[in-house]
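Visitor: Just dropping this structure here.
Nothing in this text is a laboratory measurement; each read-out follows from the coordinates by a stated rule. Values in this document were obtained by computation on a predicted structure and should not be read as measured data. Note that we place each Cβ from the backbone using ideal geometry, even for glycine, and neighbour counts take in every protein chain shown.
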Amino acid sequence: MTKDNLQNKVKIIIAILEKEYPDTKTALVFQNPLELLISTVLSAQCTDKRVNEVTKDLFQKYHSAKDYAQVNLSELEFDIKPTGFFRNKAKSIKAFCNILVDKYHGNVPSNLDDMVSLPGIGRKTANVVLAEAYNIPAIIVDTHVLRLSNRIGLTDKKDATKVEFDLMEIIPKEQWRLFSNLLISHGRAICTARKPRHNECKIIDFCEEGIRSKGQFL
Ligand code: SF4
């Protein structure tokens, strides 16, 4: 499919999914970039609901990067334990908060290169913070965006960074965040990893896997 065709397909998909998910945005509750960065780190292998339950108390207790940098590691581990993988998460949070204090006056940098240089912070997490907390165009390639982009036929890559660059080519920059959130919502609601519900899907006619599935049942 040519780039023009892909761009047209994306336009239609966005229009349809915007009607399906009019309020799409991250489900994580946060007040500032640091809180979103912490929440996103905690959300690895954990539901957003559980993360929000934990951060409700966490953000009452810790107000700055300095607070996380100074707390005893075992105390932080205990505070975030219900999110799972708490030892690695606590280690990472303390490590990057130390750098935020030393290098960035306690603030989260607002550019990708600085953010991914922090320990434990990858492109996905950095792009979540850029898009959702700083309102800077960014494509968030999480497990849903990766899966749906392949199923729909927007990319044939399996590597998240390569998918991010493919999507940048065909999605208007001002819609990067919207598109990511729409695919995440659709991935959770209809196009699930285990059993995509093609017959309930409003974008089936614009999805390669959906079209193939219709062929199978003709
Ligand atoms: S048609 Fe099927 S594979 Fe394509 S987006 Fe919809 S549910 Fe997913």
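Visitor: Identify the single condition in (1) closer than 21 Å to Pro22 by Cα; (2) within 12 Å of the ligand (Cβ to nearest atom) that Glu174 does not satisfy, given that it satisfies every other one.
Guide: (2)
Visitor: Looking only at residues that are surrounded by fewer than 15 Cβ atoms within 10 Å (Cβ to Cβ) and in contact (Cβ under 8 Å) with a residue 12 or more places away in the chain in segment 71-83, which one is nearest to Gln45 (Cα to Cα)?
Guide: Per the criteria, the residue is Pro82.
Visitor: Only one of Arg147, Arg188, Arg151 is in contact with an Asp or Glu (Cβ under 6 Å, 6 or more places away or on another chain), within 12 Å of the ligand (Cβ to nearest atom) and either closer than 21 Å to Ile14 by Cα or not in a helix (DSSP H, G or I) (or both). Can you tell me which?
Guide: Testing whether each residue is in contact with an Asp or Glu (Cβ under 6 Å, 6 or more places away or on another chain), within 12 Å of the ligand (Cβ to nearest atom) and either closer than 21 Å to Ile14 by Cα or not in a helix (DSSP H, G or I) (or both) leaves just Arg151.
Visitor: Residue check, His105 against (1) surrounded by fewer than 21 Cβ atoms within 10 Å (Cβ to Cβ); (2) within 16 Å of the ligand (Cβ to nearest atom); (3) over 17 Å from the mean Cα position of the chain (by Cα), all met but one. Which one?
Guide: (2)
Visitor: Filter segment 203-218 down to the residues that are outside any helix (DSSP H, G or I) and near the ligand (Cβ under 8 Å from one of its atoms), then identify the one that is farthest from Ser149 (Cα to Cα).
Guide: Top of the filtered list is Ile203.
Visitor: Check off (1) part of a helix (DSSP H, G or I); (2) within 11 Å of the ligand (Cβ to nearest atom); (3) touching a residue at least 40 places away in the same chain (Cβ under 8 Å) for Ala193 and give me the number that stays unchecked.
Guide: With (1) part of a helix (DSSP H, G or I); (2) within 11 Å of the ligand (Cβ to nearest atom); (3) touching a residue at least 40 places away in the same chain (Cβ under 8 Å) applied to Ala193, the lone miss is (1).
Visitor: Please identify the pairs in which a residue from segment 174-186 that is of a type in the set (Asp, Glu) has its Cβ atom under 9 Å from the Cβ atom of a residue that is surrounded by fewer than 21 Cβ atoms within 10 Å (Cβ to Cβ), counting only partners at least 6 apart or on another chain.
Guide: Matching pairs, first to second residue: Glu174/Pro137.
Visitor: For segment 13-44, name all the residues that are under 20 Å from Ser185 (Cβ atoms) and either exposed (fewer than 13 other Cβ atoms within 10 Å of the Cβ) or polar (S, T, N, Q) (or both).
Guide: Ala15, Lys19, Pro22, Asp23, Thr24, Thr26, Ser39, Thr40, Ser43
Visitor: Considering only segment 135-173, state which residues are without any contact (Cβ under 8 Å) to a residue 24 or more places away in the chain and among the basic types (Lys, Arg).
Guide: Lys157, Lys158, Lys162
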